Structure formats: structure tokens, C-alpha cells
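Readers should treat all values here as calculations from the given coordinates under stated rules, not as data from a laboratory. These numbers were taken from a predicted model, which means no experiment stands behind them. Reconstructed Cβ throughout: ideal geometry from the backbone, glycine too, with neighbour counts over all protein chains shown.
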Amino acid sequence: MRVLDQYFEALRSQDWKSLALCLAEDVQRTGPYLDVVRGKRAYVEFLSRVIPALQDYELRVRRVRKVDSASAVVELSEIVAVGGARTEFPEVLLFEFDEAGAILGIDIYIKQPPARPAARG
């Protein structure tokens, strides 16, 4: 589970070299919209473009649960400024690890608030 601590700290500090050390060469990230990024280099490049573009980015890890020797589930929130307001996006991530303990897979699931009813006029 130490690799997850290192991974999240690297995200928070935007230390892309440290983040890369946490990943298997053939890592695959599947996002909440079934968007896929394959390979260590591609994933680090993806994050190094996305994270710095988020205004007032903050990452809060709430819970980490080891599923077995090769996987873990993490409940977290990413907080960013949207239209000037701090907005929290709760997520659940499923991590898979290779035999060396590096992150091999990341599946991201975003919790969505209920839809607001349309205004009647």
C-alpha cells in the first residue's frame, strides 16, 4: 500500500518523476467515461497536462482498502475551483498491482449528485 501513498503524494506535489516510479510500464488508466490511457509515459504525460490546468487543485484521500495482494479500492475527492466556487468531486478508484507492487491498472468511478428537477415557469 506504500506505493499508493507515494502515488497520491506525487499527484499533490505534481512530481511527475516520482509518480512515474509508482507505475508499471504497461499501466492502464480507465476513466469515468471509459476513456483509456495506456502505458507509463502516456499516463504521466496525461496527468502532467490535466492536473496543472485545474484551478486550486486539492486531493483528499478518505479511505484505502486492500482487496487482496493485487488490488485496492480508494475513496477520495478531488477539489477544484469551478466558476470561482470550490467544488468537490468524490471518486472511487480501483487499483491493480503487478507482481513487483507497481500500479498496473486504475479504474476511476465518479459519484454524481442527483439531477435537479427542471424549473417550472
* Asked: If packing is taken as the mean number of other Cβ atoms within 10 Å per residue, what is the order of 17-30, 64-77, highest first?
  -> 17-30, 64-77
* Structure fact -> Calculating Cα extents along the principal axes in Å from this structure picks out, from (i) 46, 30, 29; (ii) 57, 45, 28; (iii) 60, 29, 24, entry (iii)
* Once phi is turned into ³J(HN,Hα) by the Karplus curve 6.51 cos²θ - 1.76 cosθ + 1.60 with θ = phi - 60°, what whole-Hz value does each residue of segment 29-37 show in order, with x for glycine and proline? -> 10, 10, x, x, 10, 6, 7, 10, 10
* Structure fact -> Expected unfolding gain across D68-S48 under the 0.36 nm per residue rule, minus the alpha-carbon gap, is 4.2 nm
* **For segment 97-104, Karplus couplings with θ = phi - 60° (6.51, -1.76, 1.60), whole Hz, Gly/Pro x** => 10, 7, 4, 7, x, 7, 6, 9
* **Sequence-distant residues sharing a close amide H with S71 (under 5 Å, placed H)** => F97
* Hey, which lysines would be in cross-link range of K17, C-alpha to C-alpha under 20 Å, not counting anything within fewer than 8 residues on its own chain? -> K40
* **segment 2-110 - percent relative contact order, Cα under 8 Å, separation 6 or more** => 25
